[in-house]
1. Reachable lysines from Lys94, Cα under 21 Å, same-chain residues fewer than 8 places away excluded?
2. So what J values fall out for segment 117-128 if you push phi through Karplus, 6.51 cos²θ - 1.76 cosθ + 1.60 with θ = phi - 60°, rounded to Hz, Gly and Pro as x?
3. Enumerate the calculated ³J(HN,Hα) couplings along segment 42-54 in order (Karplus 6.51 cos²θ - 1.76 cosθ + 1.60, θ = phi - 60°), each rounded to whole Hz, writing x wherever the residue is Gly or Pro.
4. For segment 77-156, what ratio Rg/Rh do Cα atoms give with a Kirkwood hydrodynamic radius?
Amino acid sequence: MNRRTKAVVLAVALLIAVGVSGSAVASGDGDGGVRPREAAALTGTAKLYRPAGDDVTFSFDAHLAAKDNMDPHKAHGTFRFSHYDANGAGGWAKVKVDCLMTGGKVAVVTGVVTDGNTPHRGKRVGVTVHDQGRNDRLGYTWIEEGAVADVPRCLGAAPFETVGKGTGDFTVLPWRPEYASGQG
């Protein structure tokens with residue numbers, strides 16, 4: 001086996017090991033211990049499909065720590081979006097995450113726009129991502145023409161947009177809420 005093949009085999013073996021355990025990943029704190037995987041995550045960058053040539057890009061770095069598993073309002077991170085037409089006119093926004101919920105390969109993330117040149121500044125926006133490998137989909141709450149977003153936490157829109165081919169894709173880490181047994 002060549003060096004690259006060995007690296008791929010090792011990476012696949014590690015992914016299988018982590019997937020089988022389903023509950024832990026190696027800790028980066030240097031103590032040699034193990035810590036639970038994060039409760040949920042939405043990461044990645046992609047451009048939306050636009051036949052007219054507009055550049056519409058979404059980028060996510062949203063996480064819910066294992067210790068906050070039952071409180072998606074403790075999610076943290078940021079996401080960004082931008083939309084520029086073929087003439088360069090448009091805008092962008094940076095959003096501070098305030099909720100992340102995932103189910104299977106679907107994620108809903110909300111946050112307040114903290115920076116940018118859109119009318120959404122200071123407002124809460126929501127995005128839904130459906131992680132389908134190379135055919136990801138995305139929906140956002142400010143779809144209506146001229147609408148200024150300000151939605152409740154954890155509210156997204158149906159994923160009506162598609163990701164452009166070859167532009168990247170999103171990764172959703174499914175949330176696993178732990179409920180009391182109710183027995184007793």
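1. Counting by Cα, and skipping residues close in sequence, Lys94 has these lysines nearby: Lys47, Lys74, Lys123.
2. Calculated HN-Hα couplings, in order: 10, 10, x, 7, 4, x, 9, 8, 10, x, 9, 10 Hz.
3. For segment 42-54, the Karplus curve yields 9, 9, x, 9, 7, 9, 7, 6, 9, x, 7, x, 4 Hz.
4. Working: Rg = 12.8 Å, Rh = 13.1 Å.
So for segment 77-156, dividing Rg by the Kirkwood Rh gives 0.98.
Rule-based calculations on the coordinates, nothing more; no lab input. No experiment lies behind these values; they were computed from the predicted model shown.
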